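Have a look at the structure below before the remarks.
The values are calculated or read from the model by the stated rules, or taken from the named source; none is laboratory data. Predicted model, so just to flag it, every value in this text is computed and none were measured. With ideal geometry, Cβ positions are generated from the backbone for all residues, glycine too; neighbour counts draw on all protein chains shown.
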Amino acid sequence: MAKSKFTTLDRLSLQDIDGDAELIPLMTPEDEEAINKEELPVSIPILPLRNMVLFPGVVIPISAGRDTSIKLIDEANKGGKIVGVVAQKDEEVENPTADDIHKVGVVARILRVLKMPDGNVTVIIQGKKRFEITEVTSEKPYMMARIAEYPEKRPAKNNKEFKAAIDSIRDLSLQIIQDSPNIPSEASFAIKNIESNSFLINFVSSNMNLTVTEKQQLLEVNDLHKRALETLKFMDMERQKLELKNDIQSKVQSDMSQQQREYFLHQQMKTIQEELGGVSSEDEIEEMRMRSKDKKWDEKVAKHFKKELAKMQRMNPQVAEYSIQRNYLDLFLDLPWNEFSTDKFDLKRAKKILDRDHYGLDDVKRRIIEYLAVLKLRNDMKSPILCLYGPPGVGKTSLGKSIAEALGREYVRMSLGGLRDEAEIRGHRKTYIGAMPGRIIQSLKKAGTSNPVFVLDEIDKLSAGHQGDPSSALLEVLDPEQNSEFYDNFLEMGFDLSKVMFIATSNSLNTIQPALRDRMEIINVTGYTIEEKVEIGKRHLLPKQLGEHGMNDTQLKIAKPQLEKIVEGYTRESGVRGLEKQIAKMVRYGAKNIAMEEDYDVKVTNDAIIEVLGAPRLERGKYENNDVAGVVTGLAWTRVGGDILFIESALSKGKGLLSITGNLGKVMKESATIAMEYIKANAEMLGLKPEILDAYNVHIHVPEGATPKDGPSAGITMLTSLVSLYTQRKVKKSIAMTGEITLRGKVLPVGGIKEKILAAKRAKIKEILLCEQNRRDIEEIKEEYLKGLTFHYVKDMSEVLELALTKQKVKNAKKL
């Protein structure tokens, strides 16, 4: 069955259908009583309704389009004009069966049948009495069923509660009619004229805006009092919805009036701006639309931009959100979506650039050339994440600039030192005042391409604050598998970082988050030898300082011997930053003489170096040759490169106690304890009397107490110092050592070998003792750096003592 065309609230007018003026009056109590006395037929044709429920006494028109329904109505109209009307459970079912209809329905009388021009049939029916289907006897040509009366429990006539419910239904109906603009005001007369209580309930239930299921539930309620309360509940909900709808409409009407007022003001403002020569918001939007046509973004980004531009067009230019939206769209237009610079794959040229800008660093330059070679062959390789790790001043940051020039890419540098706000990486949400994108997106905007060389400087100096952990935010940036959709909070979209070549720099790996360190390829940029520093000073630092001070190479010359003297006497670092400062002092010395027109020697002499820089300050780093037992030279690794240290020990009468000073860490103190216990356990093998160990206290000291020291590398140095002290045997001249020890006397390998070797060479050390397993580290160092050094590889402490101590005792040896 199709939907009802109309349902009148006072009377059903047939004039609406065929022009006749015949009216069907409302049901009276007498009509209701007569209907209740009628007996239901045993079997009746069943007419299923798609989307409505018929109630007793109510008159409704329905349109029948199914062949079975048309045949049923035609035969019923010729016969007794009685049909059983039931609602379908699912209105989408075209040919309902017994399982597709509800069991409770209403017997209806056909009042009028009208044939429409489209072939459908419109029938007007009036509900009479409820029934329940007991059995469906046939379904063709239409459904026939046996039925039984569905009795109704009526309250007593003097039931005050029921009467109050009826009065409430009547009053609420009149209020809904009054508040609803869609219900004609004449409907209130029908409500007032209904005399039958049950018909009032059925009439209101039929005309309420309820679903078929809800109306069917009301129809199936047997207790009339209970049905009245349920009807009242639905009516109250309908009233509340109506009130809310009216409130919304009144607000919308008020807002529309305000919008119209603002529109006219904006039009006037636009005219004033055009007169003053300014740019109107409409011109801005049109300009953005034109700029967007030249962008190379994909369909997803283009769709998002159009949506945000339309949003801006609807905004009032005077509100704060307008400027935020404008900045947001400007960022979209300024970002280099799918814009890439062309890589230069001339590997020989790239090697020349790297060699020109940086002396040494062969491992790093080899890795860059390897990357270029693979990129040239595949042309689609994701950029790796390189981390240049090493002491300050070795050229890690400037190396990124050379790589960018070698690749022909744009160069971007972002300093991460002290960064503690996650929003610096991911940006702020644009809903906040003062919101801006993260520095990653800002840097790409400045670069103008999506594949620059991006240097993340000082990545080890990130710190976490209450605004979040920026190192965790970098995890997505530095992951080649994830950064193709890097999400910036301000941008609110993914941006492809997979073609960016990220190069991080770090002085230490210990402070880098492990997960972040795992995503990077660590390349160790070690310190320079004296020879390398001299070359760097001559090729790069001196010409640079001459240029910065307005001089040329004819006005001041520093020869290699003088540069070497500056390196050895005034710089104590792995890098060249300190050397550059000393060279700058010498250049200023020449600039002063030129400006004051004083005579000076263009070729810097040793005396001029001492005059300008003062006496050499770093002679304490040289090897100290002495005849005192218990003093041994060790090798150490620091953040600024390698260094030498001295282990001193002394005896005093006591009870065999061990004390340690020199600002040492926990690991280094453990090495001293292990060394002492090894001596006690092997006293006889070392030629010591056990009673001596209990008769003297031992004090171990590492000079320069202001400098913190830690690590296992001084293990063999401490043991050699103690054995030298107890045996009063000399330590050989110009010898240094590094290695970890165990209680069994085994020598274990340590790290930082290259830095330690450079420190030993600066200190004029001739021989070095190392663990056998550190041999491979020495083999990786260029032979020219090892010139003048002799290496001894050991596995056991007995070998160390044999190589380090002389047979003779020191002069004035103590008698123990």
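For segment 743-755, indicate whether the set of residues that are surrounded by fewer than 20 Cβ atoms within 10 Å (Cβ to Cβ) and in a strand (DSSP E or B) is non-empty.
From segment 743-755, those surrounded by fewer than 20 Cβ atoms within 10 Å (Cβ to Cβ) are 743-744, 746, 748-749, 751; that's our starting set.
Narrowing the set further to residues that are in a strand (DSSP E or B) leaves 746, 748.
Checked segment 743-755: at least one residue is surrounded by fewer than 20 Cβ atoms within 10 Å (Cβ to Cβ) and in a strand (DSSP E or B).
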Check your understanding: Can you spot a residue in segment 453-462 that is within 30 Å of R326 (Cα to Cα), outside any loop (DSSP other than H, G, I, E, B) and aromatic (F, W, Y)?
Key -> yes
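From S450, S471, S463, which residue is at pLDDT 85 or above and assigned by TED's automatic domain parsing to the domain that holds I433? Talk me through it step by step, then tell me what you get.
Numbers: S471 fails: at pLDDT 85 or above; S463 fails: at pLDDT 85 or above.
So the residue among S450, S471, S463 that is at pLDDT 85 or above and assigned by TED's automatic domain parsing to the domain that holds I433 is S450.
Residue by residue, here is whether (1) outside the structural domain of Y371 (by TED's automatic domain parsing); (2) surrounded by 14 or more Cβ atoms within 10 Å (Cβ to Cβ); (3) not charged (D, E, K, R) holds:
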residue	(1), (2), (3)
M288	yes, yes, yes
K293	yes, no, no
A320	yes, no, yes
D330	yes, yes, no
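Can you confirm whether Q728 is modelled with pLDDT under 90 and of a type in the set (S, T, N, Q)?
Working: modelled with pLDDT under 90: yes; of a type in the set (S, T, N, Q): yes.
Spelling it out, Q728 is indeed modelled with pLDDT under 90 and of a type in the set (S, T, N, Q).
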Check your understanding: How do the helices (runs of 4 or more DSSP H) wholly within segment 1-109 filter down when requiring 1 or more residues that are modelled with pLDDT of 85 or more and of a type in the set (A, V, I, L, M, F, W, C): which remain?
Key -> 67-78
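Could we say that A759 is assigned to a strand (DSSP E or B) and among the hydrophobic types (A, V, I, L, M, F, W, C) here?
no
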Review point. When both residues are 6+ apart or on different chains and their Cβ atoms are under 6 Å apart, which pairs have a first residue that lies in segment 315-335 and is free of Cβ contacts under 8 Å to residues at least 12 places away in the same chain, and a second that is not basic (K, R)?
Key: M315/Y322
Review point. Scanning segment 105-148 for residues that are touching a Phe, Trp or Tyr at 6+ places or on another chain (Cβ under 6 Å) and either of a type in the set (A, V, I, L, M) or not assigned by TED's automatic domain parsing to the domain that holds G57 (or both), which turns out farthest from T28 (Cα to Cα)?
Key: I147
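If a residue has to be assigned to a helix (DSSP H, G or I), surrounded by fewer than 16 Cβ atoms within 10 Å (Cβ to Cβ) and not acidic (D, E) to count, how many in segment 781-802 make the cut?
In the first step, residues of segment 781-802 are kept if they are assigned to a helix (DSSP H, G or I); the result is 783-786, 797-802.
Remaining after also requiring surrounded by fewer than 16 Cβ atoms within 10 Å (Cβ to Cβ): 783-784, 798, 802.
Imposing the further condition that a residue be not acidic (D, E) reduces the set to 798.
Matching residues across segment 781-802 total 1.
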Review point. Mind checking which pairs have a first residue in segment 115-136 that is under 17 Å from A64 (Cα atoms) and a second that is among the hydroxyl-bearing types (S, T, Y), Cβ under 7 Å, 6 or more apart or different chains?
Key: M116/T122; N120/S63; T122/S63
Study note, to complete from the structure: Exactly one of T638, T633 is within 57 Å of the chain's Cα centre (by Cα), closer than 29 Å to K560 by Cβ and at pLDDT below 80, and that one is T638
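Kindly provide the set of residues from segment 294-305 that are in contact with a Ser or Thr (Cβ under 8 Å, 6 or more places away or on another chain) and either within 30 Å of L265 (Cβ to Cβ) or touching a residue at least 40 places away in the same chain (Cβ under 8 Å) (or both), ordered by number. Give the steps one after another, and end with the answer.
Going through segment 294-305, the residues in contact with a Ser or Thr (Cβ under 8 Å, 6 or more places away or on another chain) turn out to be 302, 305.
The answer is F305, and nothing else.
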Review point. Do we have A650 as aliphatic (A, V, I, L, M) and either part of a strand (DSSP E or B) or at pLDDT below 85 (or both) here?
Key: yes
**Study point:** Sole exception among (1) touching a helix residue (DSSP H, G or I) at 6+ places or on another chain (Cβ under 9 Å); (2) free of Cβ contacts under 8 Å to residues at least 12 places away in the same chain for K669, by number
**Key:** (1)
Practice item. May I ask you to list the residues in segment 557-585 that are in contact (Cβ under 8 Å) with a residue 40 or more places away in the chain and hydrophobic (A, V, I, L, M, F, W, C)? Key: I558, A559, I566, V576, L579, I583
Practice item. Among the numbered conditions (1) at pLDDT below 85; (2) over 20 Å from R439 (Cα atoms), tell me where Q482 comes up short. Key: (2)
Exercise for review: Working only within segment 697-739, note down all residues that are of a type in the set (A, V, I, L, M, F, W, C), within 56 Å of the chain's Cα centre (by Cα) and part of a strand (DSSP E or B).
Suggested key: I700, A714, I735, A736, M737
Check your understanding: Which residues, counting only those in segment 680-694, are within 15 Å of L743 (Cα to Cα) and of a type outside the set (A, V, I, L, M)?
Key -> K680, N682
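Conditions (1) touching a helix residue (DSSP H, G or I) at 6+ places or on another chain (Cβ under 7 Å); (2) modelled with pLDDT under 90; (3) under 22 Å from E458 (Cβ atoms), marked per residue:
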{"residue": "F486", "(1), (2), (3)": "yes, yes, yes"}
{"residue": "Q513", "(1), (2), (3)": "yes, yes, yes"}
{"residue": "V525", "(1), (2), (3)": "yes, yes, yes"}
{"residue": "K565", "(1), (2), (3)": "yes, yes, no"}
{"residue": "R577", "(1), (2), (3)": "no, yes, yes"}
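I765: aliphatic (A, V, I, L, M) and either exposed (fewer than 14 other Cβ atoms within 10 Å of the Cβ) or not in a loop (DSSP other than H, G, I, E, B) (or both), yes or no? Walk me through how you get there before you give the answer.
Details: aliphatic (A, V, I, L, M): yes; either exposed (fewer than 14 other Cβ atoms within 10 Å of the Cβ) or not in a loop (DSSP other than H, G, I, E, B) (or both): no.
So I765 fails the test.
Checking the structure you have, find out if any residue of segment 680-696 is assigned to a strand (DSSP E or B), surrounded by fewer than 22 Cβ atoms within 10 Å (Cβ to Cβ) and at pLDDT 90 or above. Can you show your working first?
So in segment 680-696, the residues assigned to a strand (DSSP E or B) come out as 696.
In the following step, the residues that additionally are surrounded by fewer than 22 Cβ atoms within 10 Å (Cβ to Cβ) were identified as 696.
From the residues that got through so far, the ones that are at pLDDT 90 or above too are none.
There is no residue in segment 680-696 that is assigned to a strand (DSSP E or B), surrounded by fewer than 22 Cβ atoms within 10 Å (Cβ to Cβ) and at pLDDT 90 or above.
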Check your understanding: Just checking, how many residues over segment 500-516 are closer than 18 Å to F454 by Cβ and not hydroxyl-bearing (S, T, Y)?
Key -> 7
Point to revise | Pick from segment 470-494, criterion out of contact with any strand residue (DSSP E or B) (no Cβ under 7 Å at 6 or more places or on another chain) and assigned to a helix (DSSP H, G or I), ranking: surrounded by the most Cβ atoms within 10 Å (Cβ to Cβ) | key: L474
